[in-house]
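Taking it in order: structure first as structure tokens, then the write-up.
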Amino acid sequence: MHPFQLHKASSAAHAATLLAGKADGKFLGGGQSLLAAMKLRLNAPSDLVDLAAAADLKGIKADGKTVTIGAMTTHADVAANADVQKAIPALAALAAGIGDRQIRNVGTLGGSLANNDPAADYPAAVLGLGATIHTNKRSIHADQFFRGMFDTALESGELITAVSFPVPQKAAYIKFKNPASRFAIIGVLAAQTAAGPRVAVTGGGSGVFRVADMEKALAGNWSASSIANIKVPASGLSSDLHGSAEYRAHLVGVLAQRAVTAAK
């Protein structure tokens, strides 16, 4: 690990001030991805701004129409929160299936989204539920946030502060996980939202994506049978020791049908 300066922020505003002028500085959430990359010398920030003490970045609020979750809220807290379980049970279940117990108790919503691992679970929830990512500078709808592998719309020095999830009519997340890492080999979130059906896939390629053909079919008939014959092209999907692109394409169809059936 290369040397770096550690700064501790007391609030979101303080964090932005601490990072200002640090050309190679980064915000530190739970550190489950960033610190591992630093240990391997794949990432070498000059400064880290620790957000652990920023109370205004934590917490969950629900008003019946929207569930808003602070960026520094851990996966475990999302999974255990009664408001999330009642309003969006699919989101609580998704959070409960992230990594292992240590990762769930340290990893954060904001950190996961900022990192945007192509096999992470939260991007599927954010895109599939049509959430809005709030930063210290603006609000970004999910459809404009994800730009590819480890790439997002975040600008230099921009900090995720919270995410607002519209409460869907029904939703479910089904994941075929890597048994070692528990990352998604394929994960599918299907949701019936106020704006219509949304189907988001993670683990398939360079980043999370929507399946428009399935969404169109589900708009006419919300049932597994309506998407049973819709095939996702294997071109562009990942192929590795865990599964070929063709295998992943097949999994998308199978898991999407299961998600539609399980949605509540």
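Annotations
- Residue order, fewest to most beta carbons within 10 Å, for Phe145, Phe183, Phe165: Phe183, Phe145, Phe165
- Helical content alone sets the calculated 222 nm signal of the chain at -8500 deg cm²/dmol, taking -39,500 (n - 2.57) per DSSP H segment of four or more residues and averaging over every residue.
- Residue order for Asp121, Asp47, Asp24, fewest other beta carbons within 10 angstrom first, comes to Asp24, Asp47, Asp121.
- Mean Kyte hydropathy of 0.0 or more with a Cα span along the axis of at least 18 Å, helices from DSSP in the chain: 245-262
- Charging the Cβ of each Asp and Glu at -1 and of each Lys and Arg at +1, and nothing else, the dipole of the stretch 170-262 about its Cα centre rounds to 240 debye.
- Taking Cα centre as origin and charging only the Cβ of basic (Lys, Arg, +1) and acidic (Asp, Glu, -1) residues, the dipole magnitude of the stretch 1-50 rounds to 100 debye.
- In plain terms, the residue of Leu237, Leu189 with the fewest other Cβ atoms within 10 Å comes first and the most crowded comes last, giving Leu237, Leu189.
- Considering only Gly196, Gly21, Gly148, the mean-square fluctuation computed in a Gaussian network model of the chain, springs between alpha carbons under 10 angstrom, is largest for Gly21.
- When peptides 238-248, 63-73 are ranked by their average number of other Cβ atoms within 10 Å per residue, the highest-first order is 63-73, 238-248.
- Once C-alpha pairs closer than 8 Å and six or more residues apart are averaged by separation and normalised to the residue number of the stretch 1-50, the relative contact order reads 57 percent.
- Top of Gly220, Gly203, Gly128 by mean-square fluctuation, Gaussian network on the chain, Cα under 10 Å: Gly220
- The modelled label-to-label distance between Asp213 and Ala52, using points 7 Å beyond Cα along the C-beta direction, is 4.8 nm.
- Computed from point charges on the beta carbon alone (+1 for Lys and Arg, -1 for Asp and Glu), the dipole magnitude for the chain about its Cα centre is near 440 Debye.
- Applying 1/(1 + (r/R0)^6) with r as the Cβ-Cβ distance of Asn229 and Arg258 and R0 = 25 angstrom yields a FRET efficiency of 0.95.
- Looking at the stretch 86-193, the trypsin sites (Lys or Arg not before Pro) that sit in a DSSP loop and have at most 11 other Cβ atoms within 10 Å of their own Cβ are Arg138.
- Euclidean distance between Cα centres, the stretch 1-46 to the stretch 222-264, Å: 37
Every number here is computed from the coordinates shown, using simple stated rules; none is lab data. These numbers come from a predicted model, not from an experiment. Cβ coordinates were reconstructed from backbone atoms using ideal geometry, including for glycine residues, and neighbour counts include every protein chain displayed.
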